[in-house]
Amino acid sequence: MEIERKYLVTTPPRNYTSYPFHQIEQGYLCTNPVVRIRKQDQEYYLTYKSNGLMVREEYNLPLTEDAYRHLRQKTDGRLISKLRYCIPFQDSLTIELDIFQGELAPLMLAEVEFPSREEAEAFQPPEWFGEDVTFQGAYHNSALSLSK
């Protein structure tokens with residue numbers, strides 16, 4: 001189960017580049033339901049996500065590099081490329097700051113995953129977060145892969 005809030009970011013914190021990051025490339029084999037392939041650094045995954053905005057089912061399966069390359073040719077829309085900075089927040093939360101590259105630059109989104117719906121609903125974002133786009137499906141990466 002994935003429980004997450006998502007926010008636009010216009011000005012990230014000054015020190016965001018000092019945090020660990022991942023280089024991510026991902027594409028979509030299907031957007032309803034979501035079937036995604038992802039290369040994160042040197043690891044590869046196939047992900048299924050059910051419908052939903054803040055709460056949805058998510059299943060990740062490992063892929064080999066060869067399988068990823070084979071499926072990459074079958075994706076619809078654009079491949080998404082981004083840097084994901086992992087910023088610790090409060091006691092046990094992590095802000096995933098996505099800095100999009102290529103056609104989607106200069107888009108920046110911050111995501112925070114929660115252990116429960118109640119914690120997600122009670123969340124108070126830091127001041128550098130912009131508009132809450134959790135309930136705007138247009139900001140799902142699957143939708144961004146199809147937008148022009």
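The values are calculated or read from the model by the stated rules, or taken from the named source; none is laboratory data. Since the structure is predicted, the reported quantities are computational estimates derived from the model, not experimental observations. Every residue, glycine among them, receives a Cβ derived from its backbone with ideal geometry; neighbour counts consider all protein chains shown. Heads up: the accessible areas ignore ligands, DNA and RNA and are worked out on the full protein's heavy atoms, side chains in. Shrake-Rupley method; radii C 1.70, N 1.55, O 1.52, S 1.80 Å.
Helix content alone sets the calculated 222 nm mean residue ellipticity of the chain: runs of n ≥ 4 DSSP H residues at -39500 (n - 2.57) each, divided across all residues, give -3500 deg cm²/dmol. A dipole drawn for the range 40-125 from +1 and -1 charges on Cβ atoms has a positive end, and of Ala110, Gln40, Ala67 the residue lying farthest that way is Ala67.
In this simple spin-label model, placing a label point 7 Å from the Cα along the Cα-to-Cβ direction at both Glu2 and Trp128 gives a separation of 2.4 nm.
The longest stretch of the chain left intact once loop-based GluC sites (Glu not before Pro) with at most 16 other Cβ atoms within 10 Å are removed from consideration, loops following DSSP, is 58-126. Rolling a 1.4 Å probe over the protein heavy atoms gives the range 47-91 an accessible area of 61 Å² per residue. Near Glu58: Cβ cut-off under 13 Å, other residues only, Lys/Arg at +1 and Asp/Glu at -1. The net charge is -1. Multiplying the sequence separation of Leu29 and Gln90 by 0.36 nm and subtracting their Cα-Cα distance, what value in nm do you get? Gain in length upon complete extension: 18.4 nm.
For the chain, what % of the accessible area comes from carbon and sulfur atoms, probe 1.4 Å? It is 50 percent, rounded to a whole number.
Under a model in which nothing but the beta-carbon of Lys, Arg (+1) and Asp, Glu (-1) is charged, the chain shows a dipole of about 660 debye around its Cα centre.
Between Asn15 and Glu58, residue separation times 0.36 nm minus the direct Cα-Cα distance comes to 12.4 nm. Listed by chain and number, the aspartates and glutamates whose C-alpha is less than 17 Å from the C-alpha of Lys74, apart from same-chain residues fewer than 8 away, are Glu25, Glu65, Asp66.
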